[in-house]
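Engineer: Quick one: the structure is below, questions incoming.
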């Protein structure tokens, strides 16, 4: 590569570079002990995210590729990066008092969150299996540490250990699938794989094996059945803001690479994997919805809820095409708002001696704090998919895409399982509104947590009011045009 | 079928590795005298009786920190050698790229140092 190409590549990847350098800077700022350290670190992280978001917005005028075509900045990547920035900012906003109360207000918390952010951004922008894998690992390693951040809590230790062992196994399986794909197609570049696949038909047994390994690795990261076992334990043990971050950003990043790999590189071989994805999606929704019914810990319940949501989003991949991709992207954006919102509520409930992660802790919240109870109600209704909240439209567009592709039976199953899932969200609403309070509520509200709750609430209601505009954004941001684009420009 | 033939060197390599292992083990068991007795079968045959279990004591966390730092710089050296060999061909850009890598490692090293990971006495 000549000098100009290098400089152009650096410009195109500058949001990632900003976030990584910013994280390095935060490491050293964290070393300086100071009374206002948490405030400084949070402010600095938010400034870095804002700077990166601005650069991304500037770069988003036209799709560009860098580093010889293995890294792209297209509408698809930018849409996901916007979701990541949002999730990271809200996570940082809701962390403040929680980390102080848990006694973990030290050191690398903010730096690790930013490293995870950069890993996810690389995942969204990667157009080469190895780059995607690099991003995946950078993100995963940061989350392993963050999940175990409550060092003196055995549950948190358990979460970190389970996550690191199962994550390593799944990464190994994914990597093995990558090596098979490389062996069979002779390239790790997504466009090259698609070209090789459409050239020599039909793909043989070895290729089916490769896809099996890829699906296994990716389904693991998404947290879908039958590789969902780590989700409830990790979500329960990890610090609540990290659980929120994990369930929204990490999941969105996993979906970004699932969409890119399956609907871009492996689209010519759809016959091989589509049935497997259908089965996984239905099983995931069913298990997530039914097991969530019997949970008493709200973080575990939300873990199963997130499993069931992952199953629903997988249906958008079954539908495929620009509509399917756009519906999944919109789903993930809406899910980011409503899930971060409900986790901010869980953070709000944790105060002093009350851990606030039991479902009973919500009993009678509406009597003392009608405003926050109403906000909780909106998040729960949105998660359940009740109109006019955004959650309804998230599910609606996926069902539309499914029906258009002729998967009517699948759409009916999805609706029925959503009805099951609605029950356990409504149960919390019942507890909040129909029961008298059993204790005095001492909510851990700080200005930044209030801001996070309000942003999440505005997003949940706002997208519900104007879903068409957001869908158009997602439709315009698909990677459909990048296939042709990458073929023309990559050197 | 043509695809599988491309992997023939790898299969030959694997076969040779397994064959060599089997040959060495088989030749050893045929040639050496076999004379086990209780003293010889004890874990440490260096003249000193072992006391307790090997896993009896806890290792200090410092050992792990130092081990991890060692691995980091070991890997750095592994990348530096091939880089030095081809430095002429990759030009000034390649020269700079290695410094990006070294810089990121240095950030981590400086952090570990300031944090006190290298202080043996606490």
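Quick note: the coordinates plus some simple rules give every number you see, no bench work behind them. Remember, predicted model here, so these are calculated numbers, not experimental data. Reconstructed Cβ throughout: ideal geometry from the backbone, glycine too, with neighbour counts over all protein chains shown.
Engineer: Please report A:438, A:446 as a ranked list, fewest other C-beta atoms within 10 angstrom at the top and most at the bottom.
Structural biologist: The order, fewest Cβ neighbours first, is A:438, A:446.
Engineer: Follow-up. Would you calculate the separation in nanometres between label points at residue B:32 and residue B:98, each defined as 7 Å from the Cα along the Cα-to-beta-carbon direction?
Structural biologist: 4.4
Engineer: Continuing with the same structure: Spin-label point model (7 Å from Cα, Cβ direction): what's the residue A:57 to residue A:296 distance in nm?
Structural biologist: Computed distance between label sites residue A:57 and residue A:296 equals 4.8 nm.
Engineer: Give me A:120, B:13 sorted ascending by neighbouring Cβ count inside 10 Å, so fewest comes first. If you can, show how the numbers build up before the last one.
Structural biologist: Working: A:120 30, B:13 11.
Fewest-to-most Cβ neighbours within 10 Å comes out as B:13, A:120.
Engineer: So if R0 is 35 Å, what FRET efficiency would residue B:115 and residue A:440 give, r being the distance between their Cβ atoms, rounded to the nearest 0.05?
Structural biologist: Values: r = 42 Å, r/R0 = 1.19.
Efficiency, from the Cβ-Cβ distance: 0.25.
Engineer: Residues of the range B:107-122 with backbone nitrogen within less than 20 Å of a virtual label 7 Å along the Cα-to-Cβ line of residue A:157, please, listed as ranges.
Structural biologist: Taking a point 7 Å out along Cα→Cβ of residue A:157, no residue of the range B:107-122 has its backbone N under 20 Å.
Engineer: Can you put A:266, A:377, A:453 in order of Cβ neighbours within 10 angstrom, beginning with the fewest?
Structural biologist: Details: A:266 23, A:377 19, A:453 26.
Ordered from fewest to most neighbouring Cβ atoms within 10 Å, A:266, A:377, A:453 come out as A:377, A:266, A:453.
Engineer: Quick check on chain A: helices-only [θ] at 222 nm, where DSSP H runs of length 4 and up contribute -39,500 (n - 2.57) each and the sum goes over total residues. Nearest 500, please. Intermediate values should be presented prior to the final figure.
Structural biologist: Working: 22 runs with 372 residues, N = 491.
Counting only the DSSP helices, I get -25500 deg cm²/dmol.
Engineer: Once fully extended, how much extra length lies between residue A:472 and residue A:408, figured as 0.36 nm per residue of separation less the alpha-carbon to alpha-carbon distance? If you can, show how the numbers build up before the last one.
Structural biologist: Details: separation 64, 0.36 × 64 = 23.04 nm, distance 2.39 nm.
Working it through step by step, the gained length comes to 20.6 nm.
Engineer: To the nearest 0.05, what FRET efficiency results for residue A:275 and residue A:209 with a Förster distance of 22 Å applied to their C-beta separation? Walk me through the numbers on the way to the answer.
Structural biologist: Details: r = 16 Å, r/R0 = 0.71.
The computed FRET efficiency comes out at 0.90.
Engineer: If R₀ is 35 angstrom, what is the calculated FRET efficiency for the pair residue A:359 and residue A:450, using the beta carbon separation as r and rounding to 0.05? If you can, show how the numbers build up before the last one.
Structural biologist: Numbers: r = 23 Å, r/R0 = 0.67.
Using R0 = 35 Å, I get an efficiency of 0.90.
Engineer: Another one. Would you mind pulling out the separation of the Cα centroids of the range A:389-432 and the range A:92-129, in Å?
Structural biologist: With the range A:389-432 and the range A:92-129 each reduced to a Cα centre, they are spaced 31 Å.
Engineer: Express the relative contact order of chain A as a whole percentage, based on alpha carbon pairs under 8 Å and six or more residues apart in sequence.
Structural biologist: Working: 796 pairs, mean separation 79.3, N = 491.
It rounds to 16 percent for chain A.
Engineer: Need the full-extension length gain, residue A:5 to residue A:39, defined as separation in residues times 0.36 nm minus the C-alpha distance. One decimal, nm. Mind showing how you got there, number by number?
Structural biologist: On the way: separation 34, 0.36 × 34 = 12.24 nm, distance 3.97 nm.
Stretched fully, the residue A:5-residue A:39 segment lengthens by 8.3 nm.
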